[in-house]
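Structure first, commentary second.
The values are calculated or read from the model by the stated rules, or taken from the named source; none is laboratory data. No experiment lies behind these values; they were computed from the predicted model shown. Every residue, glycine among them, receives a Cβ derived from its backbone with ideal geometry; neighbour counts consider all protein chains shown. Please note that ligands, DNA and RNA were not included when accessible areas were found on the heavy atoms of the full protein model with its side chains. Shrake-Rupley method; radii C 1.70, N 1.55, O 1.52, S 1.80 Å.
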Amino acid sequence: MGSPWKPLLMLSIISGLADFARSVAGRPVSYAAVLRMKPDSSSSSLLTPRSRPRQDHGSFAQDWPPFSRQRLSALSSQEDYRSEESEEYGPVFIQEPDDAIFSLDSDDKKVMMSCEARGNPAPTYSWLINGTDVDVEVDFRYSLIDGNLIINNASEAIDFGKYQCRAENSVGTVLSREALLQFAYLGVFSTRARGGVSVREGQGVVLMCTPPPHSPGVMGEYEPKIEVHFPPTVLAAKGVTVRLECFALGNPVPTITWRKINGNIPKKARLRKSQAVLEIPNIQLEDSGSYECKAENSRGGTAFRGHLQVYTMPQWTSMINDSQLDSGEQLQWECRATGKPRPTYRWLRNGEPLTPQNRVEMLNGELIIHRVQQADSGMYQCVAENKYGAIYSSAELKILASAPMFNTNTVTIIATMGKDVSLECRPRASPKPRITWNKGDRRVQASRRIMLLRNNTLRIINSSRADEGSYVCQADNQFGSAEMTTTLLVKEAMKVELSPKRVEVTVGESVVLSCKATHDPSLDVNFLWLLNNQPLNAQQGGGHFEYIRTQSSTADLMIRSILLKHAGKYGCRVQTTADTVLAEAELLVRGPPGPPGVVIVEEITDTTATLSWSHGVDNHSPITTYNLQARSPFSLGWQTVKTDPEPVTGDMESAMAIELNPWVEYEFRVVATNSIGTGDPSAPSRAVRTKEAVPSVAPTNVSGGNGRRHELVVSWEPVSEEFQNGEGFGYIVAFRANGTRGWKEKMVTSADSTTYKYRDETFPPLTPFEVKVGVYNNKGDGPFSKVVTVFSAEGEPREAPTEVKASAMSSSEIKVIWMAPNPGPGRPQGYEVSYWKDMEQEESGKKKRTVGNETAMLLSGLDGNTVYLITVKGFNSIGQGPPSAAIRVNTKKNPPSLPPGNVMWIQEGNNVSLSWDPVKAMENESDVIGYKVSLRQEGRGHSQVMRTPNSAAVLVLPEGGTYIIVVRAVSEGGEGAASSEIRVLTSSGVRAKSGQLSVHTLPSNLVWTPLLLVLMVPSAPW
């Protein structure tokens, strides 16, 4: 019978091994290099290695190009040494095998070790197990799919070990890193019965578990008290998370504490599982040391100490790169890696160990090969390793060997008499060729005029006609030779004249610059215009520039509507195949001055500011005058200020702005003028405030009046902040009764105040006063305004209106009339009528005021047949007067609620005869005293009204149109409800004949006949 713990224990073991495998798999992986001979490759004349970077092969691969196309050789810079599609290169790993754990209980009995590389030609693969080749042809259990090794029916006894993948092509061979294949299994627990364990309540207990046979191994048990603890020596890879565990028995339950011997526990460490586990994430070398866990309770304690050792697998700090050398040059490669323990180095060539020889030196990661040969070409690998792993760095070495070759075999050079000329000789060859120069059948010998430079260039000083001819450069090395012929032609020197040489113009004018070249007629000539040494683009010049080519050897530049920015040095560059000549001319543009320099406020007073500035550019016209401008929060932009002296002449750099307002913040600027015009202003100065001064502006529009009884109200227009001249600004209100001598003065401290009220119970209403208003600030008192006469308030109305009468006009309207009170102080400016129902309080009533001094009012919107109480009182701006005695008035009954019924009409032409049933009022309604007939044309708002005491009417309608007729009863209580609308159509220009009748009726409950309707039409007039 299988144990239920078997799957869990198997999972724990495999999980632990998988964690270890991942930590090992995370180490840097191999690099490789190839050294190869390619006879047809291009060569270099430099004796330094050409190198390029090669990628690091880890658990994934990046798609880097196999080789860089960069050529560092001075003689082979004109073409690539390899094409991306066809050039051969050695194997480069894309995927290398990883450590693996295979469960023997797995249903799939296959194990796959992955390997993939790229190269040109495509690489082939083979495998090694524990350093021995795997023969897939003999052992049927092994098979290869691409580079992957498949192991069928894997067995721990045969297949356990370290595996390496070998990839090779015609260029070379590389080995992958080693990958460990392990096998995991878990047997069944023993079936023997276990003995019982007795324990007292509250004590701890450990039930020991003897695991079944298994692989890999598990942690065993150790000393008593601390029953489970971490191993005495713990090895951990740098960067992983380390967990140290201590479990102890005791009663009471012991507490676990941790410490690091001769050091502090890292701050990043965390305690887990009731402090039984010390977890240190991202372990580093400085975290190494001895750690102690201590279990204590009231009966004593015990401790366990173990050593944590942090190791690092090798990691590259410097790797080797692909290189190409000329035959006979020296190769020097160096690779460096870090690790703990310190790594050692070894070298492989095409997958085989490389040993020191006569030309080969190896020391501490450095490889030197003297006088490289074709046989040295191939793939090279530097291996850095310590006890915890190995890493590989790869690079390819190419040995270049080729006969000399020129891009072109013939060259023609045209030189100018008296000038130096250089004839280049740059063949591609490896090794560096021997160079000789010949002219005709004679070798060119070095002299004072002829020099052979190190780069094989032939340089002729002060060339002449005698130097014309064909020069042959011959290059030779052990692989062959090549020649290049240079034909030298010497021409007369070109001359260029640009006129005028110096010209002055004024802004807005135009000018033409003419450029003429004298040159050998066999040569074509090109012109290029420059402005201040920069090419001049006429299309981007805003239409100011135009090129004019009058002759093959002459070119003109027209500059229209010249601006200041067009001033400068103009150049005409003329070029032929033999020579380039530059002629220059200067264009000066006169215009308005530029802005003056920085404006500085040297001194400030209450009304003046002394300014200084520096001269700006005068644009070739002397500055005649300067204009000083100022801006404040109260001005509309910049304003010209008066100055001392006046005017400010062009040779001055200082002046005083005068007649400024005190205690105002100003900015200043300066504008220059010359005979051409006025230029741009300077930048504004810093803002400065003038000093304080006594106010100089008095308030205006002093007046007054109104107010309450016994009050004198004085008003004025406030002084703008611009003229307050300082802090602490306020007003002084002075007044005296007419005919008196002394002035009373009152201070108003708010600068924004516009009124002052003075109350005195002793003076009667409408007493005349002389009034004036002055100003002051912290500096002193300013001027007063002119004296004006202001009357004291007359007060609110003192008497009630008289002879108040009211009459009901209808059920909803009452007309009220009254007499104004006697004239005197407290004259009313209007009247207020209060009205309320007899059964209500006055406070719940309504109020209505007249417009002006009217003495009548119509109250509307009232209830019918209701008693109202009414009072009238006067009012003015001061207040309200006493009300009149309340009077009673009763509104009339409501008008009839029924409309006229059975409305009938007869139309004869434009005449319409109407009739309807009389309306009878109800008991609570007003009696009918007549009827109102309204007539209006459809689409218009105006109505014509006709009144009649009878229940019939005759209307004469205008010609043409549709008319709407409405009838309603009229009573003392107002108009009653309206009848339904009657629509009558008349014809334009056509009168109906007297015999043509049209009889109509509105819908009714009664049945009428046309004859009866005609008989009922009354003959009485309206």
Task: Members of the range 611-624 that are in contact with a Gly (Cβ under 9 Å, 6 or more places away or on another chain) and surrounded by 15 or more Cβ atoms within 10 Å (Cβ to Cβ) - done: TRP613, HIS615, GLY616, ASP618, ASN619, HIS620, SER621, ILE623, THR624
TODO: Give the range 561-585 a look and list any residue that's surrounded by fewer than 17 Cβ atoms within 10 Å (Cβ to Cβ), over 29 Å from SER654 (Cβ atoms) and within 47 Å of the chain's Cα centre (by Cα), or say none.
DONE: SER561, LEU563, LYS565, GLY568, LYS569
TODO: Quick one: in the range 309-323, of everything that is open to solvent by less than 40 Å² (accessible area, probe 1.4 Å) and at pLDDT below 90, which residue is nearest to PRO266 (Cα to Cα)?
DONE: VAL310
- [ ] Can you give me the number of residues within the range 94-148 that are of a type in the set (Ser, Thr, Tyr) and within 18 Å of GLY172 (Cα to Cα)?
- [x] 3
Task: Which listed residue, of ILE887, ILE870, ILE878, is touching a Lys or Arg at 6+ places or on another chain (Cβ under 6 Å) and open to solvent by less than 70 Å² (accessible area, probe 1.4 Å) - done: ILE878
Open item on the list: Considering only residues that are more than 19 Å from ALA609 (Cβ to Cβ) and either assigned to a loop (DSSP other than H, G, I, E, B) or open to solvent by 40 Å² or more (accessible area, probe 1.4 Å) (or both), which ones fall in the range 690-703?
Closed with: VAL694, PRO695, VAL697, ALA698, PRO699, THR700, ASN701, SER703
- [ ] Output the qualifying pairs, or none if there are none: Cβ atoms under 6 angstrom, residues six or more apart or on different chains, first residue in the range 367-391 and within 9 Å of LEU331 (Cβ to Cβ) and free of Cβ contacts under 8 Å to residues at least 40 places away in the same chain, second residue assigned to a strand (DSSP E or B) and among the polar types (S, T, N, Q).
- [x] ILE368/GLN332
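Yes or no, residue by residue, for (1) under 60 Å from the mean Cα position of the chain (by Cα); (2) open to solvent by 70 Å² or more (accessible area, probe 1.4 Å); (3) not hydrophobic (A, V, I, L, M, F, W, C):
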site: LYS786; (1), (2), (3): no, yes, yes
site: GLU796; (1), (2), (3): no, no, yes
site: PRO828; (1), (2), (3): no, no, yes
site: GLU832; (1), (2), (3): no, no, yes
site: LYS837; (1), (2), (3): no, no, yes
site: LYS847; (1), (2), (3): no, yes, yes
site: GLU854; (1), (2), (3): no, yes, yes
site: LEU859; (1), (2), (3): no, no, no
site: ASP863; (1), (2), (3): no, no, yes
- [ ] Search the range 443-469 for residues being open to solvent by 50 Å² or more (accessible area, probe 1.4 Å) and under 60 Å from the mean Cα position of the chain (by Cα), and hand back the single one that is farthest from ALA401 (Cα to Cα).
- [x] ARG459
Task: Hits in the range 663-690 - residues which are over 46 Å from the mean Cα position of the chain (by Cα) and not β-branched (Val, Ile, Thr) - done: ASN674, SER675
Open item on the list: If I ask for residues that are under 17 Å from GLY726 (Cβ atoms) and in a loop (DSSP other than H, G, I, E, B), which ones from the range 740-752 would you list?
Closed with: THR749, SER750, ALA751, ASP752
TODO: Among the residues of the range 353-388, write down those that are surrounded by 21 or more Cβ atoms within 10 Å (Cβ to Cβ) and closer than 19 Å to MET319 by Cα.
DONE: GLY365, LEU367, ILE369, SER377, GLY378, MET379, TYR380, GLN381, CYS382, VAL383, ALA384
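Could you check, for the range 434-449, whether at least one of its residues is among the hydroxyl-bearing types (Ser, Thr, Tyr), part of a loop (DSSP other than H, G, I, E, B) and out of contact with any His (no Cβ under 6 Å at 6 or more places or on another chain)?
yes
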Open item on the list: I need a count of the residues in the range 250-281 that are open to solvent by 70 Å² or more (accessible area, probe 1.4 Å) and over 54 Å from the mean Cα position of the chain (by Cα).
Closed with: 3
Open item on the list: Out of VAL490, VAL472, VAL512, VAL505, I need the residue that is surrounded by fewer than 16 Cβ atoms within 10 Å (Cβ to Cβ), hydrophobic (A, V, I, L, M, F, W, C) and in a strand (DSSP E or B). Which one?
Closed with: VAL512
Open item on the list: Which of the numbered conditions does LEU400 fail, given that it passes all the others? Conditions: (1) closer than 22 Å to GLU87 by Cα; (2) in contact with a Gly (Cβ under 6 Å, 6 or more places away or on another chain).
Closed with: (2)
Open item on the list: Need the failing condition index for MET922 against (1) among the hydrophobic types (A, V, I, L, M, F, W, C); (2) in a loop (DSSP other than H, G, I, E, B); (3) open to solvent by less than 60 Å² (accessible area, probe 1.4 Å), just the number.
Closed with: (3)
Open item on the list: Checking the conditions here, which among ASN661, ASN725 is in contact with a helix residue (DSSP H, G or I) (Cβ under 8 Å, 6 or more places away or on another chain) and over 30 Å from PHE791 (Cα atoms)?
Closed with: ASN661
- [ ] Name the strands (runs of 3 or more DSSP E) wholly inside the range 101-200 in which the number of residues that are open to solvent by less than 90 Å² (accessible area, probe 1.4 Å) and touching a strand residue (DSSP E or B) at 6+ places or on another chain (Cβ under 8 Å) is 3 or more.
- [x] 116-120, 124-129, 142-145, 148-151, 161-168, 173-175, 179-186
Open item on the list: Being within 14 Å of ALA237 (Cα to Cα), loosely packed, with under 15 Cβ neighbours inside 10 Å and touching a Lys or Arg at 6+ places or on another chain (Cβ under 9 Å) is the requirement here; does GLN284 meet it?
Closed with: yes
Open item on the list: LYS892 - would you say it is closer than 15 Å to ALA977 by Cβ, charged (D, E, K, R), open to solvent by 50 Å² or more (accessible area, probe 1.4 Å) and part of a loop (DSSP other than H, G, I, E, B)?
Closed with: no
Open item on the list: Against the conditions (1) within 30 Å of LEU363 (Cα to Cα); (2) out of contact with any Cys (no Cβ under 6 Å at 6 or more places or on another chain), where does ILE320 fall short? Just the number, please.
Closed with: (2)
Open item on the list: So for the range 908-922 (the condition being among the charged types (D, E, K, R), modelled with pLDDT under 90 and out of contact with any Ser or Thr (no Cβ under 8 Å at 6 or more places or on another chain)), does at least one residue qualify?
Closed with: yes
- [ ] Return a yes/no flag: does the range 527-542 have any residue that is over 46 Å from the mean Cα position of the chain (by Cα), buried (at least 19 other Cβ atoms within 10 Å of the Cβ), more than 30 Å from ARG428 (Cα to Cα) and modelled with pLDDT of 90 or more.
- [x] no
